[in-house]
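Single-structure report; data block below.
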Amino acid sequence: PIAARVDEASDGAQALAKTLASVPDLVITELQLPRVDGTALCGLLRDDKHTQHIPLLVVSRAAPDMALAQQALAAGADDVLPK
């Protein structure tokens with residue numbers, strides 16, 4: 001069995017705060033989030049020396065839109081997967 005703790009956030013700003021506070025092993029986010037969207041979240045996490053190493057996975061209904069996927073990848077996402 002693999003033990004994992006999952007933390008959830010109701011919006012991108014809360015996700016950023018929780019990630020900065022706990023520095024998880026992986027962040028999975030949606031592109032379309034209130035307050036701070038997933039692309040911005042990826043960029044903010046990549047710009048912080050404490051979180052820049054964390055793998056960032058974006059899972060989104062908008063992912064088939066290549067422009068949105070490319071924006072997320074350019075912001076620092078490691079991969080973008082459709083829901």
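The values are calculated or read from the model by the stated rules, or taken from the named source; none is laboratory data. Fair warning: this is a prediction, and the values are worked out from it, not measured in the lab. In this analysis, Cβ positions are derived from the backbone assuming ideal geometry, glycine residues included, and neighbour counts consider all displayed protein chains. With ligands, DNA and RNA removed, areas are computed over all heavy atoms of the protein, side chains included. Shrake-Rupley method; radii C 1.70, N 1.55, O 1.52, S 1.80 Å.
Summary table
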read-out	value
Linear extension gain, ILE2 paired with LEU26, 0.36 nm per residue minus alpha-carbon span	7.2 nm
Cα-projected label distance for ARG46 with ASP65, points at 7 Å along beta-carbon direction, nm	1.9 nm
Residues of the chain: accessible area per residue with a 1.4 Å probe, Å²	64 Å²
Net lengthening on full extension, ASP79/LEU57 (0.36 nm per residue, minus Cα-Cα)	7.4 nm
Helix-only CD estimate at 222 nm, as mean residue ellipticity for the chain, using -39500 (n - 2.57) per DSSP H run (n ≥ 4)	-11000 deg cm²/dmol
The chain - percent of accessible surface contributed by carbon and sulfur, probe 1.4 Å	56 percent
